[in-house]
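Reviewing the structure listed below.
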Amino acid sequence: MNKDLWEKAVAFHGHECPGLAIGFKACEAAVEKMGIGISEDEEIVCVTENDACGVDAVQVLLSCTFGKGNLIYRGTGKQAFSFFDRTSGKKMRVCLIPGKKGKDMDREEWKLQLLNAPVDEIFTFSEPKFDLPERARLFATLICEICGEGAPEHKMYLQDGKTVCADCFSRYSRGYEKFDAPYPSVTVL
């Protein structure tokens, strides 16, 4: 384990914890197995399946950030990270193996176990089941005709002939979203 990099991750995150260690080790695995490093722009992309502490390690160690558009949130809740290298075409999904934490292990012991274990003992590795996300795009800002605030055009809605933001948009539902199909079969009598 690179202690200088760990300290850098801790300084960014604000404290040491097992969650940060998971992200730290996921980055270590990506560097080791894919040969990647810091992303100057969008060369390296991370799709994180969680919004937990480990994402901070990804930001500081690989420079994947929401602001640059190369850190993407896909909320499955799993301790999983998919890494893509736009230059080489390499890709890899890293997922924490459940049940590795011992029953009687406290947070400090769990953190140390994670930091000191070989990546192959704590993660599974597979190919992501989705394609490399497209590069970040710039969109025109449209002004909501209700609240007057601006948002990018791809986040706006058309309602009663007006351009409105997500906050002002009134969703219309007749309860069909609980069905698997967009609209249920209806028998007319």
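The values are calculated or read from the model by the stated rules, or taken from the named source; none is laboratory data. As the structure is a computational prediction, the values presented were derived from the model and not from experiment. Note that we place each Cβ from the backbone using ideal geometry, even for glycine, and neighbour counts take in every protein chain shown.
Modelled with pLDDT of 95 or more and among the charged types (D, E, K, R): does that describe Glu42? Before the answer, list the steps.
Working: modelled with pLDDT of 95 or more: no; among the charged types (D, E, K, R): yes.
No: the conditions fail for Glu42.
Residue pairs, Cβ under 6 Å, 6 or more apart or interchain, first in region 6-32 and outside the structural domain of Cys64 (by TED's automatic domain parsing), second crowded, with 24+ Cβ neighbours inside 10 Å and not in a helix (DSSP H, G or I). List them.
Cβ pairs passing all conditions: none.
Find the residue count for region 33-56, including only residues that are among the small types (Gly, Ala, Ser) and either surrounded by fewer than 18 Cβ atoms within 10 Å (Cβ to Cβ) or touching a residue at least 40 places away in the same chain (Cβ under 8 Å) (or both).
Taking region 33-56 and keeping what is among the small types (Gly, Ala, Ser), we get 35, 37, 39, 52, 54.
Restricting the remaining residues to those that are either surrounded by fewer than 18 Cβ atoms within 10 Å (Cβ to Cβ) or touching a residue at least 40 places away in the same chain (Cβ under 8 Å) (or both) gives 35, 37, 52.
The total comes to 3.
Within the set of pairs 6+ apart or on separate chains, which have a first residue in region 107-135 that is in a strand (DSSP E or B), a second that is loosely packed, with under 13 Cβ neighbours inside 10 Å, and C-beta atoms under 8 Å apart?
As it stands, the answer is Phe123/Ile97; Thr124/Ile97, since those pairs meet every condition given.
Could you list all residues from region 28-55 that are part of a loop (DSSP other than H, G, I, E, B) and within 10 Å of the chain's Cα centre (by Cα)? Please lay out each step first, then the result.
Here is the first cut: in region 28-55, the ones part of a loop (DSSP other than H, G, I, E, B) are 35-43, 49-53.
Within region 28-55, Glu49, Asn50, Asp51, Ala52 meet the criteria.
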